[in-house]
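Asks: Sharing a structure, written as structure tokens. Questions coming.
Values in this text are rule-based calculations from the coordinates and carry no lab data. Keep in mind the model is a prediction, meaning the values are calculated, not measured. Every residue, glycine as well, gets a Cβ built from its backbone with ideal geometry; the counts of neighbours run over all protein chains shown.
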Amino acid sequence: MPHANRRVFIKQYREGLPALDDFGIEEADIADVPAGHVVVKVDTLSMDAWIRTTLTPGSFHETAALGSTIRALGVGQVVESAADGLAAGDWVFGLLSAQTHALLPAAALTKLDLSNSLEPRDYVGPLGLTTGLTAWVGLIAVAEVHGGDTVLVSGAAGAVGSMVVQLAKARGARVIGIAGGPEKCRYLLETLGADVAIDYKNADVAAGVASAAPGGIDVFFDNVGGEILDIALENLAPANARIAICGAISQYSDMGNVRGPAKYLRLAERNAAMKGFVVTHHAARFPEAKAEIASLMEEGKVRLPEHVVDGIDNFAEALLLLFSGGHTGNLLVRP
Ligand SMILES: NC(=O)c1ccc[n+]([C@@H]2O[C@H](COP(=O)([O-])OP(=O)(O)OC[C@H]3O[C@@H](n4cnc5c(N)ncnc54)[C@H](OP(=O)(O)O)[C@@H]3O)[C@@H](O)[C@H]2O)c1
């Protein structure tokens, strides 16, 4: 039986912030399911900053061809299978993309483990590749956080940032979060348990970090880049601080002119280390990460509040929220 698929595709590239008329929407049937393939009804898509970088030529994440469906990670349920190992009804994670139904090779999908009361949405939430696992890898595998550290997190009220704040607290660190606006700062303090929140849109961030961390920052988890990275470098602890470069969302809409850190010499002066990472390069540690996050979820020490946008037609609008700061926690689209 054909599956009616509604998809969002890219019509044109744009420097600067994307606009709604860069995207098109169309419906077409998935009629044939080749051997080794399955049809997945998309349940939830993870709205990630990397998606924006695919919408300009020369993307590290591979530029989307004009007319192609916007790529996005998500979870969904198999509704037809022509592959061994996956059957109708199975829940899967993969690059399902901005559409209601995905035709994909079974080999490109991961079957979800839904034991121990885990829900499919957890795999684009606390246990998601680009959310919880990214936070764990940057904080624990890369920055090697430990109890007593003072941890600074930028983009702290977003998906990755929310997880970093809670994982750092669970490991016994003191946590300073930076986010835009008083509501997000309240969220950092009251919902996530951060020790200090700095509103970068309304306060002097340099003064805020200096007064919140008089002894300096031991770990900086950077989601934002630009000026905030320089402020962190200026406020590093006298020795052995670690900076994990997770991303630089402040730079993604002008990738030809990325602003580098002016204060990088603080790394040498303070015997500090700055290291970038790609979450998938740390797959060997995912079982450890998943086990720790799942057990913190069970203890009620970690959760990832959601901002859900309904309807595939609202995918582009949802994507823009990442750049306007219009969501708190984990931004998801439910087609
Ligand atoms: N290295 C990896 O393997 C990996 C994997 C996944 C994600 N990442 C990175 O992790 C970061 C966070 O991603 P996410 O999906 O969790 O997004 P998110 O934090 O949920 O959403 C982005 C947030 O960034 C803030 N922001 C946007 N533009 C900004 C600007 N110009 N200056 C300061 N803040 C700005 C906004 O919050 P405010 O309201 O606070 O401004 C916005 O809510 C991104 O940089 C992403 O590329 C890296």
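Asks: What distance in nm lies between label points placed 7 Å from Cα along the C-beta direction at residue 283 and residue 263?
Replies: Taking the simple label geometry, residue 283 and residue 263 are separated by 3.8 nm.
Asks: To continue, here is another question. Full-extension gain between residue 240 and residue 31, please, as 0.36 nm times their residue separation minus the C-alpha to C-alpha distance.
Replies: Numbers: separation 209, 0.36 × 209 = 75.24 nm, distance 5.83 nm.
Going from the current span to full extension adds 69.4 nm.
Asks: Please report Rg over Rh for the chain, where both radii come from the alpha carbon positions and Rh follows the Kirkwood definition.
Replies: Rg divided by Rh gives 0.99.
Asks: Additional query: Just from the alpha-carbon atoms, what are the Rg and Dmax of segment 1-89 in angstroms?
Replies: In Å, with Rg to one decimal and Dmax whole: 15.1, 44.
Asks: Measure nothing fancy, just the Cα-based angle from helix 159-170's long axis to the longest principal axis of the chain, in degrees from 0 to 90, nearest 10.
Replies: Helix 159-170 and the main axis of the chain meet at about 50 degrees.
Asks: Using 15 Å as the cut-off for backbone N distance, which residues of segment 144-165 belong to the label zone defined by a point 7 Å from the Cα of residue 227 along Cα→Cβ?
Replies: 155
Asks: On a C-alpha basis, how far is the centre of segment 280-322 from the centre of segment 21-54 in Å? Whole number, if you could?
Replies: 19
Asks: Largest first and in whole Å, give the semi-axes of segment 181-335's equivalent ellipsoid, each being the square root of 5 times a Cα gyration tensor eigenvalue. Present the calculation step by step, with values, prior to reporting the outcome.
Replies: Numbers: eigenvalues 153, 85, 68 Å².
Taking √(5λ) for each eigenvalue gives 28, 21, 18 Å, largest first.
Asks: If we restrict to alpha carbons, what Rg and Dmax does segment 208-293 come to, in Å?
Replies: Spelled out, the Cα radius of gyration and Dmax of segment 208-293 are 14.5, 40 Å.
Asks: To continue, here is another question. When the scattering of segment 98-233 is computed by the Debye formula from its Cα atoms alone, each counted once and equally, what is log10 I(q)/I(0) at q = 0.14, 0.20 Å⁻¹?
Replies: For segment 98-233 at q = 0.14, 0.20 Å⁻¹, log10 I(q)/I(0) is -0.66, -1.11.
Asks: Taking Cα centroids, how far is segment 63-99 from segment 234-264 in Å?
Replies: Each part reduced to its Cα centre gives a spacing of 34 Å.
Asks: Moving on. Run the quick spin-label model on residue 95 and residue 13: label points 7 Å from Cα toward the beta carbon, then report their separation in nm to one decimal.
Replies: Spacing of the two 7 Å Cα→Cβ label points: 1.8 nm.
Asks: Counting only pairs 8 or more residues apart or on different chains, how many lysine pairs in the chain have their Cα atoms under 26 Å apart?
Replies: 15
Asks: Now, a different point. Pull out the extension gain between residue 186 and residue 206, defined as 0.36 nm times the separation in residues minus the alpha carbon to alpha carbon distance; nm, one decimal.
Replies: Additional length available on full extension: 5.2 nm.
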